[in-house]
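Each remark here refers to the structure printed beneath this line.
The values are calculated or read from the model by the stated rules, or taken from the named source; none is laboratory data. This structure is a prediction, so every number in the text was calculated from the model and none was measured. Counting neighbours? That spans all protein chains shown, and the Cβs are built from the backbone with ideal geometry, glycine included. Please note that ligands, DNA and RNA were not included when accessible areas were found on the heavy atoms of the full protein model with its side chains. Shrake-Rupley method; radii C 1.70, N 1.55, O 1.52, S 1.80 Å.
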Amino acid sequence: MLRSVFLAAASSTRLGRLMTSAPISGFVGRFVAGPETEDALRVARRLADDGLTVTVEHLSEEPVTAERAVDTRDEYVRLLSRLAGVGLAPAAEVSLKLSALGQQIDEKLTAEYARTICAAAAQAGAAVTLDAEDHTTTDSALEILAELRKDFPATGVALQAHLRRTESDCRELATAGSRVRLCKGAYAEPESVAFQSALDVDKAFVRCLNILMSGEGYPMVATHDPRLIAIAEDRARWFDRSSDEFEFQLLYGVRPEEQARLAAGGGVVRVYLPYGAQWYGYLMRRLAESPAGVLRPAWQS
Ligand SMILES: Cc1cc2nc3c(=O)[nH]c(=O)nc-3n(C[C@H](O)[C@H](O)[C@H](O)COP(=O)(O)OP(=O)(O)OC[C@H]3O[C@@H](n4cnc5c(N)ncnc54)[C@H](O)[C@@H]3O)c2cc1C
């Protein structure tokens, strides 16, 4: 019930405009750095001081148009130059949605823009990870990734355990130098392509984790799920991975005590840090995903 209310709210342009016209409140600020590039840098600095690393995501305006795709490209280039300028790169990386670069409008141009961003990242000494979006975009994203990795081998990609194809994608990508973020998957997908029950998704996550942890790449384990985090820690020991040979990733504002605990244990913990004026849809989708978790006060996370 709450989930559908938040999903409906996420797609309401009028509500979104109204909300984002006000300054970012304390509650929103728990999950989003702020509207400006400088907000992302400020929060990234604070997290770095706490022993955490970040992957910064610019929340782009929707619907995506050819002009907005150019704006998004330029904002990422600016962000990467600022991350380097304030000494946060190379520890920081950026997360990128190919859809925000116009993947649905012109795939070739999207690949070109992504290349410009990867070049800016390489110059900053940082890396780029391509977010996973709905299953209709996966083939195109993996093709673009393969091209980008020829010149920018540090470019990573997110894979969604709930998609039936992902075990096979993990096998393909568990190669030397390959950075793969494993998450459960945030998009509602049909039964034909995705596991539907939470249990099946969790089991698929563990199968994918086994492939990535036993492979030669660099696994990035993106979950807040305590059981999956414990299994990942166990697999890292089992496959003899040292703490710098994989990392955990959690969303900014979600389970901050767990982020601190993992970092205190010597592991690499990367916080997914969104910023931008378009924070409204992002926050509503997080609320839809885990109303109890997000609405829970920070001290109980
Ligand atoms: C860094 C990162 C990057 C991501 N990138 C992508 C992407 O590119 N594409 C994509 O589709 N999805 C992405 N996701 C989202 C992901 O696919 C899931 O939708 C989302 O993370 C929720 O799944 P979960 O694994 O955290 O576990 P859930 O199934 O949401 O939660 C499992 C358990 O975790 C605990 N928990 C969860 N949230 C909280 C909370 N707020 N407070 C306390 N306990 C909590 C509870 O015990 C809960 O029962 C990303 C997630 C992260 C963390």
Subset tally (residues that are in contact with a helix residue (DSSP H, G or I) (Cβ under 9 Å, 6 or more places away or on another chain), over 23 Å from residue 55 (Cβ atoms) and away from the ligand (no atom under 11 Å from the Cβ)) for the range 178-193: 2
Some residue of the range 269-276 being open to solvent by 20 Å² or more (accessible area, probe 1.4 Å) and more than 11 Å from the ligand (Cβ to nearest atom): no
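If I filter the range 69-107 down to residues being free of Cβ contacts under 8 Å to residues at least 24 places away in the same chain and in a helix (DSSP H, G or I), which single residue comes out as surrounded by the fewest Cβ atoms within 10 Å (Cβ to Cβ)?
Among those residues, the one meeting the criterion is 85.
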Conditions (1) in a loop (DSSP other than H, G, I, E, B); (2) open to solvent by 30 Å² or more (accessible area, probe 1.4 Å); (3) within 15 Å of the ligand (Cβ to nearest atom): number failed by residue 175: (3)
Conditions (1) touching a strand residue (DSSP E or B) at 6+ places or on another chain (Cβ under 9 Å); (2) surrounded by 14 or more Cβ atoms within 10 Å (Cβ to Cβ): number failed by residue 137: (1)
Check on residue 225, charged (D, E, K, R), within 13 Å of the ligand (Cβ to nearest atom), open to solvent by less than 30 Å² (accessible area, probe 1.4 Å) and more than 18 Å from residue 174 (Cβ to Cβ): no
All positions within the range 36-54 that are of a type outside the set (A, V, I, L, M) and either touching a Gly at 6+ places or on another chain (Cβ under 9 Å) or in a helix (DSSP H, G or I) (or both): 36, 37, 38, 39, 42, 45, 46, 49
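Looking at 198, 222, 161, 174, which is the one that is modelled with pLDDT of 95 or more, out of contact with any Cys (no Cβ under 9 Å at 6 or more places or on another chain), more than 16 Å from residue 145 (Cβ to Cβ) and of a type in the set (A, V, I, L, M)?
Values: 222 fails: out of contact with any Cys (no Cβ under 9 Å at 6 or more places or on another chain); 161 fails: out of contact with any Cys (no Cβ under 9 Å at 6 or more places or on another chain); 174 fails: more than 16 Å from residue 145 (Cβ to Cβ).
Residue meeting the stated conditions: 198.
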Test: residue 194 is open to solvent by less than 60 Å² (accessible area, probe 1.4 Å) and within 17 Å of residue 179 (Cα to Cα): no
